Amino acid sequence: MQCLITGAAGFIGSHLCERLLAAGARVIGIDCFTDFYPRQIKERNLATVRTHSAFTLHEANLLEAPLPSLLRNVEVVFHLAAQAGVRTSWGREFATYTNCNILATQRLLEACRDRRLRRVVVASSSSVYGDCDELPLREESPLRPVSPYGITKLATEHLASLYASKFTVPVVSLRYFTVYGPRQRPDMAFSRFLQRLARDEPLEIYGDGTQTRDFTYIDDIIDATVRSAERGLAGAVYNIGGGSRVSLNEAIETLTAQLKKAPHLLHQAPQVGDMRHTFADITKAQAELQYTPRVPLAEGLRRQVEWFLLSSGG
Ligand SMILES: NC(=O)c1ccc[n+]([C@@H]2O[C@H](COP(=O)([O-])OP(=O)(O)OC[C@H]3O[C@@H](n4cnc5c(N)ncnc54)[C@H](O)[C@@H]3O)[C@@H](O)[C@H]2O)c1
């Protein structure tokens, strides 16, 4: 199988490259190494796959990349490239979000028209829900994003379903819920906490820490992503969560226990755009993708801590 993975140098994209190469696929990666976090980190993400003979990296922005030639002989597209991050999506930065998340997706979907593709898997986000009174969140729950980032991911989903219905592009959208594990993006909570704990600095908590998240371990996310390319229904949307709901305070306790450190917590005002709670109903993914999350938070955090200590020389 030949696949195209956009955002291949990122946290999730690089893990997906590894999984597909291990399964015998040929992988073309596209990434333009946006400056959201340092290139050096993304190069490290790619270190293993760059040595693989079935892997090619095309360094280009999706807004300009020669997509028709890159898509030649491709059977499955995994579209993970995006400007991620909720808090930085306000103000002038919104232009980056519209470029990377909406315009880039539209250009890719146009290029996917009239091709014999098996699937186009598009990464969406739990951020499309916003604050919803009813938990767990079902795919049919109201979609009222509370951040500009969430709005761009919702636009991505709408574009995907439009290209599925009008041009039979076999798109499947996956709403990922807070992904963690080795190589987690440096702006994300566990990564930031680990960096601060290593320097014995206080942990900044936005709000009182009772907000809850459905944390999903990276291997489970990759599992669901690969399954969606095999079994996902064209035009469908699936929640991909980790199967449990944990408060930030509980997660910090688990993380610091792994490091045997007593953290000093610095409470700050809640951030505009952060959702209060996320918790996925994954019944649909279980039934249609046969997806089951396997890595509980304590084990996943243990692996992330182990990776962090090894990679930081700690
Ligand atoms: N990490 C999470 O918890 C999470 C949760 C929900 C959804 N998602 C979604 O999953 C996907 C991957 O997230 P991630 O955490 O791996 O992010 P990441 O920032 O690590 O990876 C994204 C990659 O896309 C590349 N990119 C961005 N715009 C591009 C463009 N126009 N052309 C080419 N390359 C471009 C970046 O350089 C980066 O390497 C994103 O679509 C994100 O919105 C992630």
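The values are calculated or read from the model by the stated rules, or taken from the named source; none is laboratory data. Because the structure is predicted, anything quoted here is derived from the model rather than measured. FYI the Cβ positions are ideal-geometry reconstructions off the backbone, even for glycines, and counts take in every protein chain you see.
I'd like to verify a number: residues in segment 204-231 that are modelled with pLDDT under 95 and surrounded by fewer than 21 Cβ atoms within 10 Å (Cβ to Cβ), how many?
Qualifying residue count, segment 204-231: 9.
Please go through segment 286-306 and give me each residue that is basic (K, R), touching a residue at least 60 places away in the same chain (Cβ under 8 Å) and not in a loop (DSSP other than H, G, I, E, B), ordered by number. Full working, then the answer.
Of the residues in segment 286-306, the ones basic (K, R) are 294, 302-303.
Next, from what is left, pick out any that are touching a residue at least 60 places away in the same chain (Cβ under 8 Å): 294, 303.
Across segment 286-306, the qualifying residue is only R303.
Out of T216, T210, T225, T292, I need the residue that is farther than 19 Å from I12 by Cα and polar (S, T, N, Q). Which one?
One residue alone meets the criteria, T210.
I'd like to verify a number: residues in segment 89-124 that are basic (K, R) and either buried (at least 22 other Cβ atoms within 10 Å of the Cβ) or not in a loop (DSSP other than H, G, I, E, B) (or both), how many?
Residues in segment 89-124 being basic (K, R) and either buried (at least 22 other Cβ atoms within 10 Å of the Cβ) or not in a loop (DSSP other than H, G, I, E, B) (or both): 3 in total.
Of all residues in segment 125-156 being within 12 Å of the ligand (Cβ to nearest atom) and in a loop (DSSP other than H, G, I, E, B), which is nearest to D281 (Cα to Cα)?
That would be Y129.
Any residue in segment 234-254 that's more than 16 Å from A224 (Cβ to Cβ): show its pairings with residues that are among the hydroxyl-bearing types (S, T, Y) at Cβ separation under 6 Å, as long as the two are six or more apart or on different chains.
Between residues of segment 234-254 that are more than 16 Å from A224 (Cβ to Cβ) and residues that are among the hydroxyl-bearing types (S, T, Y), the close pairs are G235/S161; R245/T212; S247/T210; S247/T212.
On the basis of being part of a loop (DSSP other than H, G, I, E, B), surrounded by 16 or more Cβ atoms within 10 Å (Cβ to Cβ) and at pLDDT 90 or above, does G235 make the cut?
Spelling it out, G235 is indeed part of a loop (DSSP other than H, G, I, E, B), surrounded by 16 or more Cβ atoms within 10 Å (Cβ to Cβ) and at pLDDT 90 or above.
Just checking, which of R92, R113, R87 is over 24 Å from V226 (Cα atoms) and either within 9 Å of the ligand (Cβ to nearest atom) or touching a residue at least 40 places away in the same chain (Cβ under 8 Å) (or both)?
R87
Go through (1) under 27 Å from A47 (Cα atoms); (2) in contact with a His (Cβ under 9 Å, 6 or more places away or on another chain); (3) of a type in the set (S, T, Y) one by one and return the number of the condition S69 breaks.
Every listed condition holds for S69 apart from (2).
Against the condition under 27 Å from L297 (Cα atoms), free of Cβ contacts under 8 Å to residues at least 40 places away in the same chain and outside any loop (DSSP other than H, G, I, E, B), how does R175 come out, does it pass?
no
Condition first: in contact with an Asp or Glu (Cβ under 6 Å, 6 or more places away or on another chain) and more than 15 Å from D220 (Cβ to Cβ). Now tell me which residues in segment 155-195 satisfy that.
The one that is in contact with an Asp or Glu (Cβ under 6 Å, 6 or more places away or on another chain) and more than 15 Å from D220 (Cβ to Cβ): S173.
Could you check segment 250-272 and list, in sequence order, the residues that are small (G, A, S) and surrounded by 19 or more Cβ atoms within 10 Å (Cβ to Cβ)?
The one that is small (G, A, S) and surrounded by 19 or more Cβ atoms within 10 Å (Cβ to Cβ): A251.
If a residue has to be surrounded by fewer than 16 Cβ atoms within 10 Å (Cβ to Cβ) and outside any loop (DSSP other than H, G, I, E, B) to count, how many in segment 273-285 make the cut?
Residues that pass the stated criteria total 1.
Collect the residues in segment 146-170 that are closer than 20 Å to G85 by Cβ and under 17 Å from the mean Cα position of the chain (by Cα), keeping them in residue-number order.
S147, P148, Y149, G150, I151, T152, K153, L154, A155, T156, E157 - these are the residues of segment 146-170 that are closer than 20 Å to G85 by Cβ and under 17 Å from the mean Cα position of the chain (by Cα).
Within the group R87, R50, R44, which residue is over 22 Å from R116 (Cα atoms), of a type outside the set (S, T, N, Q) and modelled with pLDDT under 95?
It is R87.
Say we look at segment 157-195 and pick out the residues that are under 30 Å from H264 (Cα atoms) and among the charged types (D, E, K, R); which of these is nearest to the ligand (Cβ to nearest atom)?
By that ranking, first place goes to R185.
Would you confirm whether any residue within segment 140-153 is among the acidic types (D, E), out of contact with any Ser or Thr (no Cβ under 7 Å at 6 or more places or on another chain) and either closer than 15 Å to I12 by Cβ or modelled with pLDDT of 95 or more (or both)?
Yes, some residue in segment 140-153 is among the acidic types (D, E), out of contact with any Ser or Thr (no Cβ under 7 Å at 6 or more places or on another chain) and either closer than 15 Å to I12 by Cβ or modelled with pLDDT of 95 or more (or both).
Please state which one of F215, F177, F193 is among the hydrophobic types (A, V, I, L, M, F, W, C), more than 23 Å from N101 (Cβ to Cβ) and out of contact with any Lys or Arg (no Cβ under 6 Å at 6 or more places or on another chain). Spell out how you get there, then give the answer.
Working: F215 fails: more than 23 Å from N101 (Cβ to Cβ); F177 fails: more than 23 Å from N101 (Cβ to Cβ).
Matching residue, one of F215, F177, F193: F193.
Kindly list the number of the only condition in (1) outside any helix (DSSP H, G or I); (2) crowded, with 19+ Cβ neighbours inside 10 Å that fails for E201.
Going through (1) outside any helix (DSSP H, G or I); (2) crowded, with 19+ Cβ neighbours inside 10 Å one by one, E201 breaks only (2).
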